[in-house]
Amino acid sequence: MQNGTKRVNVRKLVMTAMLSAVATVLMFLGFSVPLMPSYLKLEFSELPALIASFSMGPVSGVVVCLVKNLVNVFSTTTGGVGELCNFILGCSFVVPAGLIYNRWRTRRGALGASLVGALVMALGSVLTNYFLVYPAYSLLMSMEAIMGMYQAILPGVTNLFQALVIFNMPFTLVKGLCDVLLTFLLYKHISPLIKGTRQQTGKK
């Protein structure tokens, strides 16, 4: 029993590390999208974290979020503020999703769990940016310059909270929904490999 537990723990550690490596690479591959401030990057590094949370529990998902941001902080252009925000939002996505899925382990449960996680992350993007990220950024640049990035796209934006609701919240929600879609396309095929439950077929 103890040896079996050790094997499970080793597999979980190895798989969490592998998914962390994939997430790190995906975070490096972020790209800007039209009609959004250039600093908002679309990347799918929460995808491995969501898969880890579903297959091995929310703690593994949090570890994936942590590792990818710790690695990326060495090449940061935000003084680590962007990475901290990414970690907080990633956790707000994969932890609720993992907890809900752990309670209802069905396809419908997985869909509901991941959608709740995406919504929490989108709402959290407003609060995190408003109370943490932009106060930190304002030490490096004026709030007028920050608002100017939004007003260059939509001149009618008059304050930061409005800008976050109009731009950041839907952007983050779409990003989360993309991760949900990709997870549903991939999870069934890779979860047996992660869990070590692929059935052995007879020799031919």
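The values are calculated or read from the model by the stated rules, or taken from the named source; none is laboratory data. Small disclaimer: the values here were computed from a predicted structure and weren't measured. Positions of Cβ are generated from backbone atoms using ideal geometry, with glycine treated the same way; all protein chains shown enter the neighbour counts. Surface areas here come from the heavy atoms of the whole protein model, side chains and all, with no ligands, DNA or RNA. Shrake-Rupley method; radii C 1.70, N 1.55, O 1.52, S 1.80 Å.
Can you work out the FRET efficiency for the pair L29 and R105, with r the C-beta to C-beta distance and R0 = 30 Å, to the nearest 0.05?
The formula returns an efficiency of 0.45 here.
Once the mean 1/r over all distinct Cα pairs of the chain is inverted, what Kirkwood radius in angstroms do you read off?
18.0 Å
Assuming a ≥ b ≥ c are the square roots of the Cα gyration tensor eigenvalues, decide whether the range 114-168 counts as rounded (a/c under 1.5), prolate (otherwise, with a/b larger than b/c) or oblate.
It comes out oblate by the Cα gyration axes.
Relative to the longest principal axis of the chain, what angle (0 to 90°, nearest 10) does the C-alpha long axis of helix 169-195 take?
It works out to around 10 degrees.
Between V174 and V116, 0.36 nm times their residue separation minus their Cα-Cα distance comes to what?
Stretched fully, the V174-V116 segment lengthens by 19.6 nm.
Carbon and sulfur atoms: what percent of the 1.4 Å accessible area of the chain do they account for?
70 percent
Whole number in Å², please: accessible area per residue of the range 1-119, 1.4 Å probe, ligands, DNA and RNA not counted.
53 Å²
Quick check for you: which residues of the range 168-187 have the amide N under 15 Å from the point 7 Å beyond the Cα of L42 toward its beta carbon?
Hits in the range 168-187 for L42 at 15 Å: 168-182.
Over the heavy atoms of F44, what accessible area does a 1.4 Å probe trace out, to the nearest 10 Å²?
Ignoring ligands and nucleic acids, F44 comes out at about 60 Å².
For M141, M121, what's the largest-to-smallest order of accessible area, 1.4 Å probe?
Largest accessible area first, the list is M141, M121.
Nearest 500 deg cm²/dmol is fine: what mean residue ellipticity at 222 nm does the chain get from its DSSP H runs of n ≥ 4 alone, each adding -39,500 (n - 2.57), divided by its residue count?
Mean residue ellipticity, 222 nm, calculated: -23000 deg cm²/dmol.
Whenever you get a sec, line up V10, V63, V81 from highest to lowest accessible area (probe 1.4 Å, protein heavy atoms).
Ranked list, largest accessible area first: V10, V63, V81.
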